[in-house]
């Protein structure tokens, strides 16, 4: 189909290069550092954000409300194009529900239509789905066909994570504060995945950073199936470590692997030092 716009939220951590290459629209998001509110449109430099977190700054994020979701989608519909919007997992944020509500109203007003996909994932996993659909668009005849393709691909879209400090996960309510304090005291690391229903869940505890990174790299090697031809490696202020992961995966799997720096919305919950791998597989279950 020709007259189509694909849209994502800033939480997708889409790079400027990929956004421009596939003409993907991005809905901005807000985040807070201590008492100051920033937008992903003009926020603080990402290196300063990581440094602030490491220095103890309190960070928070907020979902995109219905009014802003409506405004974003209507801007796109006014071009006369159909819109396929990818939202972060409904089990991570209420943002999906707000976009879905806005879409229902807008579909009564505009002859061209908008459909919203609950990605059941986060960060670059959302971007992966958006890029896959941007490539697929020329092969399908309608918005509903492309939506069906996205819904079929989303559970073949795996995401594995490690974090450097458990306190950020505790602050986000992913683990208890007691577990966080004990884990950090004994330098415990946790490998996490995005579950089939879109929750971020721990799946293995390890006693060193090296082992935790090796765990998600080796799991990726076992699980990767080329339903999409690129693996994305998300990093923060650990660029050299990420380069090693990229080289390992490229050599082992003979696949294109790209590095993407994770933004403030995701890292507010995972913390600096986070490492994430996004790829397609037969199932999200760990092999």
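Values as computed for the structure displayed
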{"item": "Count of residues meeting criterion [surrounded by 18 or more Cβ atoms within 10 Å (Cβ to Cβ), over 23 Å from residue 59 (Cβ atoms) and modelled with pLDDT under 90] in the stretch 147-190", "result": "0"}
{"item": "Yes/no for residue 81 being over 18 Å from the mean Cα position of the chain (by Cα), farther than 24 Å from residue 224 by Cβ, modelled with pLDDT of 95 or more and buried (at least 22 other Cβ atoms within 10 Å of the Cβ)", "result": "no"}
{"item": "The stretch 256-278: number of residues that are assigned to a loop (DSSP other than H, G, I, E, B) and in contact with a strand residue (DSSP E or B) (Cβ under 6 Å, 6 or more places away or on another chain)", "result": "1"}
{"item": "Matching option when the condition is assigned by TED's automatic domain parsing to the domain that holds residue 19, at pLDDT 95 or above and closer than 16 Å to residue 263 by Cβ, among 38, 99", "result": "38"}
{"item": "Residue in the stretch 92-107 that is under 22 Å from residue 142 (Cβ atoms), free of Cβ contacts under 8 Å to residues at least 12 places away in the same chain and either out of contact with any strand residue (DSSP E or B) (no Cβ under 7 Å at 6 or more places or on another chain) or part of a helix (DSSP H, G or I) (or both) present", "result": "yes"}
{"item": "Residues satisfying the stated conditions in the stretch 205-219, i.e. in a helix (DSSP H, G or I) and within 23 Å of the chain's Cα centre (by Cα)", "result": "209, 212, 213, 214, 215, 216, 217, 218, 219"}
{"item": "Any hit, the stretch 136-154, residues being within 30 Å of residue 206 (Cα to Cα), assigned to a helix (DSSP H, G or I) and in contact with a helix residue (DSSP H, G or I) (Cβ under 9 Å, 6 or more places away or on another chain)", "result": "yes"}
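The values are calculated or read from the model by the stated rules, or taken from the named source; none is laboratory data. Predicted model only: the values in this text are computed from it and were never measured. Here Cβ is always computed from backbone atoms with ideal geometry, including for glycine, and neighbour counts include all displayed protein chains.
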